[in-house]
1. In whole Hz, what ³J(HN,Hα) sequence does the range 132-148 give by Karplus (6.51, -1.76, 1.60; θ = phi - 60°), x for Gly and Pro?
2. Using θ = phi - 60° and the Karplus curve 6.51 cos²θ - 1.76 cosθ + 1.60, what whole-Hz ³J(HN,Hα) does each residue of the range 261-276 get, with Gly and Pro shown as x?
3. Hey, quick one: spin label on Asp214, modelled 7 Å out along Cα-Cβ, who in the range 351-383 has an amide N within reach, i.e. under 18 Å?
4. Going by average Cβ density within 10 Å per residue, which order do the peptides 282-295, 320-333 take, highest to lowest?
5. Heavy-atom accessible area per residue, the range 91-162, 1.4 Å probe: how many Å²?
6. In nanometres, what is the gap between the two model label sites at Gln370 and Ser294, each 7 Å from Cα along Cα-to-Cβ?
7. Summing +1 for each Lys or Arg and -1 for each Asp or Glu, what net charge is found among the other residues whose Cβ lies under 11 Å from the Cβ of Tyr202?
8. Averaging sequence separations of C-alpha pairs under 8 Å and six or more residues apart, then dividing by the length of the range 218-308, give the relative contact order as a whole percent.
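The values are calculated or read from the model by the stated rules, or taken from the named source; none is laboratory data. Predicted, not measured: the structure shown is a model, and the values here were computed from it. All Cβ positions, even for glycine, are placed from backbone atoms using ideal geometry, and neighbour counts span all protein chains on display. The accessibility values were calculated without ligands, DNA or RNA, using every heavy atom of the protein model including side chains. Shrake-Rupley method; radii C 1.70, N 1.55, O 1.52, S 1.80 Å.
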Amino acid sequence: MDINRLSRREALRAVGLLAGGAALNSGCASRVKPYVIDPQAQSRSRQRRLAPVNVAADRVIRTVVGLRPFRTSGFVVRAESLADKLLVHNYGHGGGGMTLSWGTARLAADLIAESGRTGAAAVIGCGVVGLSSARTLQRRGFDVTIYAKDMPPETTSNISGASWFPSHVIDEAQRTSAWDAQFERAARVAHRAYQLLIGDEYGVHWREQYNLSDADGGDGHTPWDYEMLRDLFPASRELKRSENPFQARHAYVQNTMFIEPSVYLNALLRDFYIAGGRVRRIAFSEPRQVATLSESVVVNCTGLGARELFTDRELMPIKGQLTALLPQPEVDYAMVSGGLYMFPRRDGIMLGGTFERGVETLEPNREAEQRILAGHQRIFGGMR
């Protein structure tokens with residue numbers, strides 16, 4: 001047996017057999033069984049083992065509620081005049097605020113650049129869209145002050161499930177070619193920006209997400225947003241039946257980024273302060289108060305607050321609710337099944353599955369909580 005012609009793995013295996021006495025008698029060598037690589041065995045050894053989530057009522061640590069700022073015609077990035085100021089709107093992202101934040105911040109900053117204004121800028125709002133807009137302007141040389149009623153961890157952004165996917169951002173019938181172009185640019189800019197923040201410092205990580213379905217074949221319809229951004233979800237495929245640990249007939253895996261809001265928002269706020277930014281706690285009730293600010297550029301990132309502050313009656317709340325279980329470090333994947341989803345984070349296992357259009361209360365829906373827990377118990381209780 002010529003060890004020089006073996007691969008490193010084969011050589012180590014052969015040396016191990018010799019050292020262990022598996023191939024030697026007391027004085028002479030006996031035959032050594034040839035080491036045969038079994039492709040099927042290798043495939044089995046690499047098969048992903050998914051730990052089931054322990055979904056038990058006594059493991060619930062909190063239930064939280066947030067109101068998504070939704071517009072049927074999609075988010076707004078638009079410039080207008082307010083007295084002697086340039087007012088740039090950047091709000092109404094629905095369920096895509098965390099996902100699109102860096103992209104729409106870039107669009108807003110580009111509108112400011114077109115105006116030729118420089119110097120000081122005000123950002124209204126300290127959620128993810130406000131912080132991303134503030135950091136983008138700082139990078140372009142502006143002296144930025146954030147004016148906000150709430151700061152992390154009190155913002156709506158802190159309640160986000162925060163997977164990187166721009167969900168529920170527009171009613172599909174309202175799409176236009178101009179809005180689509182703006183949306184796609186924002187999504188691609190944001191996706192690239194988040195890739196540069198991967199790691200524990202910002203709480204941004206790539207994870208496998210398993211999408212479950214019992215439908216065979218489907219109707220051939222791919223959601224427009226996924227179709228447009230398909231290339232941003234690498235290594236997507238359907239699991240073979242032997243690989244699928246779920247009871248669902250079909251499991252599709254894709255890779256996407258997940259953001260931990262409590263870590264991420266604090267890191268953005270830290271970066272904003274380090275770059276010389278200031279925050280003032282204030283609540284504006286009408287545009288003329290905004291007009292009294294000393295800054296000549298104002299970016300409105302008030303989310304649902306723009307409904308009253310700037311009389312945008314198209315804005316509506318969409319209530320979302322998350323139930324958090326005790327953390328399980330061994331659960332390192334995400335799952336989506338119908339209207340249910342599970343996202344693992346260091347601050348807990350997030351279980352979701354509500355989308356209450358037009359509901360404005362921040363009180364948890366206990367019936368929905370029980371439905372979410374029972375649905376996830378069925379999914380993870382049936383794993384093999």
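1. Once θ is set to phi - 60°, the couplings for the range 132-148 become 5, 5, 4, 5, 5, 5, 4, 5, 9, x, 7, 8, 10, 10, 9, 10, 8 Hz.
2. Here the 3J(HN,Hα) series is x, 5, 7, 5, 5, 5, 5, 5, 5, 4, 4, 4, 5, 4, 7, x Hz.
3. 371-383
4. Ranking, from highest mean packing down: 320-333, 282-295.
5. 30 Å²
6. Calculated label separation equals 5.7 nm.
7. Spelling it out: positives minus negatives among the neighbours equals -3.
8. 17 percent
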